[in-house]
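Following: one structure in structure tokens, then a few remarks.
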Amino acid sequence: MISRRHALAATLLVVLSAPLARAEPTVGLAERRAIAAYRQDRYPAQEKAMQEAAGFPIPVEVAWDQLTIPGDAKYYSDEGYFEKTIFEPLAAGLKEVGKDPMGREALAKKLKAIRVRFDEKTAPASNYPNGLKFDGGTLDVNWRPFSNVAEFKDRVEAVVKVLEKNL
């Protein structure tokens with residue numbers, strides 16, 4: 001049998017935890033339209049640049065639902081949003097690693113895929129190597145779009161270091 005004290009404690013717990021159970025903002029129609037336009041109009045050139053830099057048709061998996069941040073739809077077409085902060089540094093890093101036959105061979109032999117995503121809880125603010133993992137042939141990129149756009153070289157260096165260490 002539940003005592004009055006237990007019932008009161010359970011009720012209080014439910015009432016106090018309700019504000020903590022807020023839903024995460026959802027991606028609206030504006031974001032879905034903007035990301036669809038970006039994927040159609042601009043992303044193919046970015047994907048091609050990464051594949052050319054690698055020297056082979058590397059599969060690039062982009063978790064668009066994670067990169068799509070509520071309220072940012074108007075910025076998706078800005079080259080600093082995805083391109084300067086994620087895709088161009090990846091291409092530049094691949095190009096640097098594959099600048100000679102030994103690098104191109106290592107990329108082709110061990111790099112099987114690239115996965116791009118953004119997890120707000122684990123993506124680094126500026127310590128870009130912490131947002132990169134190489135596991136089972138997949139380069140996992142967890143970087144925030146549209147942040148610290150001027151730190152292009154730091155991102156490239158992070159890509160080069162993680163690839164050179166694992167290839």
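The values are calculated or read from the model by the stated rules, or taken from the named source; none is laboratory data. Since the model is a prediction, treat every value here as computed from it, not as a measurement. Cβ coordinates were reconstructed from backbone atoms using ideal geometry, including for glycine residues, and neighbour counts include every protein chain displayed. Accessible surface is based on the protein model in full, side chains and every heavy atom, while ligands, DNA and RNA are left aside. Shrake-Rupley method; radii C 1.70, N 1.55, O 1.52, S 1.80 Å.
Pick from the range 100-133 the residues that are over 16 Å from the mean Cα position of the chain (by Cα), open to solvent by 70 Å² or more (accessible area, probe 1.4 Å) and touching a residue at least 40 places away in the same chain (Cβ under 8 Å): which of them is nearest to Glu47 (Cα to Cα)? Give the derivation first.
Just the residues of the range 100-133 that are over 16 Å from the mean Cα position of the chain (by Cα), to begin with: 100-112.
So of that shortlist, the ones also open to solvent by 70 Å² or more (accessible area, probe 1.4 Å) come out as 101-102, 104-105, 109-110, 112.
With touching a residue at least 40 places away in the same chain (Cβ under 8 Å) added as a condition, the list becomes 104, 109-110, 112.
Details: Arg104: 18, Lys109: 20, Lys110: 19, Lys112: 15 Å.
My answer is Lys112.
Can you name every residue in the range 84-120 that is part of a helix (DSSP H, G or I) and closer than 16 Å to Trp64 by Cβ?
First, pick out the residues of the range 84-120 that are part of a helix (DSSP H, G or I): 84-97, 101-110.
Of everything in the range 84-120, those that are part of a helix (DSSP H, G or I) and closer than 16 Å to Trp64 by Cβ turn out to be Thr85, Ile86, Phe87, Leu90.
What single numbered condition from (1) touching a Phe, Trp or Tyr at 6+ places or on another chain (Cβ under 9 Å); (2) surrounded by 14 or more Cβ atoms within 10 Å (Cβ to Cβ) fails to hold for Val97?
Of everything listed in (1) touching a Phe, Trp or Tyr at 6+ places or on another chain (Cβ under 9 Å); (2) surrounded by 14 or more Cβ atoms within 10 Å (Cβ to Cβ), Val97 misses just condition (1).
Answer yes or no: is there a residue in the range 56-77 that is under 13 Å from Leu163 (Cβ atoms) and not β-branched (Val, Ile, Thr).
Restricting attention to the range 56-77, the residues satisfying the condition of being under 13 Å from Leu163 (Cβ atoms) are 58.
Next, only the ones that are not β-branched (Val, Ile, Thr) stay: none.
No, the range 56-77 contains no residue that is under 13 Å from Leu163 (Cβ atoms) and not β-branched (Val, Ile, Thr).
Counting only residues that are of a type outside the set (Gly, Ala, Ser), in a loop (DSSP other than H, G, I, E, B) and open to solvent by 10 Å² or more (accessible area, probe 1.4 Å), which one in the range 69-83 is nearest to Lys110 (Cα to Cα)? Let's see the steps before the verdict.
Of the residues in the range 69-83, the ones of a type outside the set (Gly, Ala, Ser) are 69-70, 72, 74-76, 78-79, 81-83.
Keeping just the survivors that are in a loop (DSSP other than H, G, I, E, B) gives 69-70, 72, 76, 78-79, 81-82.
Keeping just the survivors that are open to solvent by 10 Å² or more (accessible area, probe 1.4 Å) gives 69-70, 72, 78-79.
Details: Ile69: 32, Pro70: 36, Asp72: 36, Asp78: 33, Glu79: 30 Å.
Ranking the candidates gives Glu79 first.
All but one of (1) assigned to a helix (DSSP H, G or I); (2) in contact with a strand residue (DSSP E or B) (Cβ under 6 Å, 6 or more places away or on another chain); (3) farther than 21 Å from Gly98 by Cβ hold for Asn130; state the number of the condition that does not hold.
(2)
Can you find a residue in the range 45-63 that is under 14 Å from the mean Cα position of the chain (by Cα), assigned to a helix (DSSP H, G or I) and either among the hydroxyl-bearing types (Ser, Thr, Tyr) or loosely packed, with under 14 Cβ neighbours inside 10 Å (or both)?
No, because not a single residue in the range 45-63 is under 14 Å from the mean Cα position of the chain (by Cα), assigned to a helix (DSSP H, G or I) and either among the hydroxyl-bearing types (Ser, Thr, Tyr) or loosely packed, with under 14 Cβ neighbours inside 10 Å (or both).
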